[in-house]
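Data block below; observations after.
The values are calculated or read from the model by the stated rules, or taken from the named source; none is laboratory data. Note that this is a predicted model, so its numbers are computed, not measured. Don't worry about glycine lacking a Cβ; one is built from the backbone with ideal geometry, like all the others, and counts go over all protein chains shown.
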Amino acid sequence: MYYPYFRGRQNELLCLREMLEQNKLSDKIIPIVEPVRCNNTFFSTLETFIKNDRTIVIIQNPEVGRYHQEFQTMLKTADKAEDEKSRKKAEEQIKKNLEILKDRHLIPAYLMGGKVVNDILAGDINKENVILINKGKENYNHYVQYGEKICGKITIIPNDMDFKDELAGDAVVLEDAFNKAKRNADYSDCVDEFFSKNHITYKKRGYQGFADYSVVGDVYEESGFSPLAIAIHIVYFDEKKMLQIHHFVSDTNEKSADLPRKFEEAMEKLQSWELLGRIKMTAGLSGLFSYYRNGRFPGLGLIKKYSLMHHMELMSDYLGENA
């Protein structure tokens, strides 16, 4: 099983929703979402998974974003309604959202740390029903001390066999495969590089599944900014079925002005890429080329969404062929 880790930003959620609606997301892919906003896109995405009888993992203690603050604001929207009709509508929406969050298709998960360990040991969190996520090795000593007592339905850990030795039950290996550069222009220094082979090796190493942060990486930035360069990140399989990633970077990178031109420059490199004819023209790639051929700039968020969609569709095909 593949557990891609998403922050709940709008275009990441739209990627998942559209992949599901287009029947391009394998049932061997179970997304993990760390919600960063409590908004309509978040709830409509969850509702799409429920309607399609698909499972999604929702982190209950997100460490970034404004989800909890916005959730509390949502609960108070009915109190601020100007009239009875608006109040009733708000109450109905709140009730619907709360029912969505309790649906059986949503698997609760927790980012592990001292507080969660204490909550498990105290019985406040039922470890049998949750996924426990260790993004780094800082929780290793907790598992040395408590072992099986703090292992969840599934326990996600970094790629470390010593860590795995302390676990009981199903384990998933989590790795940040995306080598994030300081600046987009820096991707020009290494336009093609290794991405991951965990999809090939996870079973041999005794894992139930594998997880990563796709082509976004673990670094979370609250707000965007106008970059000096545009970089489009496209993953592909090499002849050994290992995942590689190619970076298509704009050329006019001295100033942050004229993003449409930068997008065109990056897409020209993608258009002329010697390997383009050997990889599947996914929905994500088609979306990028549709904007390029129509002379339109999709915006940075959509570029990311289409790159994510491309990765998810490739993995869906791979997992379907290698069940």
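If I filter segment 165-176 for residues that are touching a His at 6+ places or on another chain (Cβ under 7 Å), under 24 Å from SER307 (Cα atoms) and at pLDDT 95 or above, do I get at least one hit?
Taking segment 165-176 first, the residues touching a His at 6+ places or on another chain (Cβ under 7 Å) are none.
The answer is no; no qualifying residue exists.
I'd like to know if segment 85-106 contains one or more residues that are part of a strand (DSSP E or B), touching a residue at least 12 places away in the same chain (Cβ under 8 Å) and on the phi < 0 side of the Ramachandran plot.
In the first step, residues of segment 85-106 are kept if they are part of a strand (DSSP E or B); the result is 106.
Now drop any that are not touching a residue at least 12 places away in the same chain (Cβ under 8 Å), which leaves 106.
Next, only the ones that are on the phi < 0 side of the Ramachandran plot stay: 106.
Yes, because at least one residue in segment 85-106 is part of a strand (DSSP E or B), touching a residue at least 12 places away in the same chain (Cβ under 8 Å) and on the phi < 0 side of the Ramachandran plot.
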*Are any residues in segment 2-25 in contact with a helix residue (DSSP H, G or I) (Cβ under 8 Å, 6 or more places away or on another chain), assigned to a loop (DSSP other than H, G, I, E, B) and surrounded by fewer than 21 Cβ atoms within 10 Å (Cβ to Cβ), and if so, which ones?*
GLN22, LYS24
*Count, please, the residues in segment 206-243 that happen to be touching a strand residue (DSSP E or B) at 6+ places or on another chain (Cβ under 8 Å) and either outside any loop (DSSP other than H, G, I, E, B) or closer than 26 Å to TRP273 by Cβ (or both).*
20
*In segment 58-84, which residues are without any contact (Cβ under 8 Å) to a residue 40 or more places away in the chain, surrounded by 15 or more Cβ atoms within 10 Å (Cβ to Cβ) and among the aliphatic types (A, V, I, L, M)?*
MET74, ALA78
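Report the residue count in segment 58-75 for those that are of a type outside the set (S, T, N, Q) and closer than 23 Å to GLY114 by Cβ. It would help to see each step written out before you state the result.
So in segment 58-75, the residues of a type outside the set (S, T, N, Q) come out as 58-59, 62-68, 70-71, 74-75.
If we keep only those that are closer than 23 Å to GLY114 by Cβ as well, we get 58-59, 62-65, 67-68.
Qualifying residue count, segment 58-75: 8.
Restricting attention to segment 107-152, report how many residues are polar (S, T, N, Q) and under 17 Å from LYS164 (Cα atoms).
From segment 107-152, those polar (S, T, N, Q) are 118, 126, 129, 134, 139, 141, 145; that's our starting set.
So of that shortlist, the ones also under 17 Å from LYS164 (Cα atoms) come out as 134, 139, 141, 145.
Residues flagged as polar (S, T, N, Q) and under 17 Å from LYS164 (Cα atoms) within segment 107-152 amount to 4.
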*Scan segment 230-255 for residues that are more than 18 Å from TYR306 (Cβ to Cβ) and within 27 Å of the chain's Cα centre (by Cα) and report the count.*
7
*Subset of segment 39-57 that is of a type in the set (A, V, I, L, M, F, W, C) and surrounded by 22 or more Cβ atoms within 10 Å (Cβ to Cβ) - its residue that is nearest to GLY113 (Cα to Cα)*: VAL57
*Restricting attention to segment 27-36, report how many residues are assigned to a loop (DSSP other than H, G, I, E, B) and crowded, with 19+ Cβ neighbours inside 10 Å.*
4
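So which of SER307, SER214, SER316 ends up being within 20 Å of the chain's Cα centre (by Cα), on the phi > 0 side of the Ramachandran plot and either touching a residue at least 24 places away in the same chain (Cβ under 8 Å) or crowded, with 17+ Cβ neighbours inside 10 Å (or both)?
Working: SER307 fails: on the phi > 0 side of the Ramachandran plot; SER316 fails: on the phi > 0 side of the Ramachandran plot.
Going through SER307, SER214, SER316 in turn, just one is within 20 Å of the chain's Cα centre (by Cα), on the phi > 0 side of the Ramachandran plot and either touching a residue at least 24 places away in the same chain (Cβ under 8 Å) or crowded, with 17+ Cβ neighbours inside 10 Å (or both): SER214.
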*asked:* Just to be sure I understand the filter: pairs with C-beta atoms under 6 Å, separated by 6 or more residues or on different chains, first member in segment 244-258 and under 25 Å from PHE194 (Cβ atoms), second member aliphatic (A, V, I, L, M) and in a strand (DSSP E or B). Which pairs pass?
replied: ILE245/VAL235; HIS246/ILE234; HIS247/ALA231; PHE248/ILE232; VAL249/ALA231
_Here is a list: SER256, SER272. Which entry is touching a Leu at 6+ places or on another chain (Cβ under 9 Å) and of a type in the set (Gly, Ala, Ser)?_
SER256
*Here are some conditions: (1) within 23 Å of GLU18 (Cα to Cα); (2) in a loop (DSSP other than H, G, I, E, B); (3) not small (Gly, Ala, Ser). THR252 meets all but one. Which one does it not meet?*
(1)
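Is it fair to say ALA229 is surrounded by 12 or more Cβ atoms within 10 Å (Cβ to Cβ), closer than 30 Å to PRO35 by Cα and either in contact with a helix residue (DSSP H, G or I) (Cβ under 8 Å, 6 or more places away or on another chain) or not charged (D, E, K, R) (or both)?
Details: surrounded by 12 or more Cβ atoms within 10 Å (Cβ to Cβ): yes; closer than 30 Å to PRO35 by Cα: yes; either in contact with a helix residue (DSSP H, G or I) (Cβ under 8 Å, 6 or more places away or on another chain) or not charged (D, E, K, R) (or both): yes.
Here the answer is yes, as ALA229 does meet what is asked.
Among ARG66, ARG17, ARG87, which is out of contact with any Leu (no Cβ under 8 Å at 6 or more places or on another chain), modelled with pLDDT of 90 or more and over 18 Å from TYR220 (Cβ atoms)?
On the way: ARG66 fails: over 18 Å from TYR220 (Cβ atoms); ARG87 fails: modelled with pLDDT of 90 or more.
ARG17 is the lone residue from the list that is out of contact with any Leu (no Cβ under 8 Å at 6 or more places or on another chain), modelled with pLDDT of 90 or more and over 18 Å from TYR220 (Cβ atoms).
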*Scan VAL130, VAL117 and give me the residue that is more than 30 Å from MET242 (Cα to Cα) and touching a Pro at 6+ places or on another chain (Cβ under 8 Å).*
VAL130
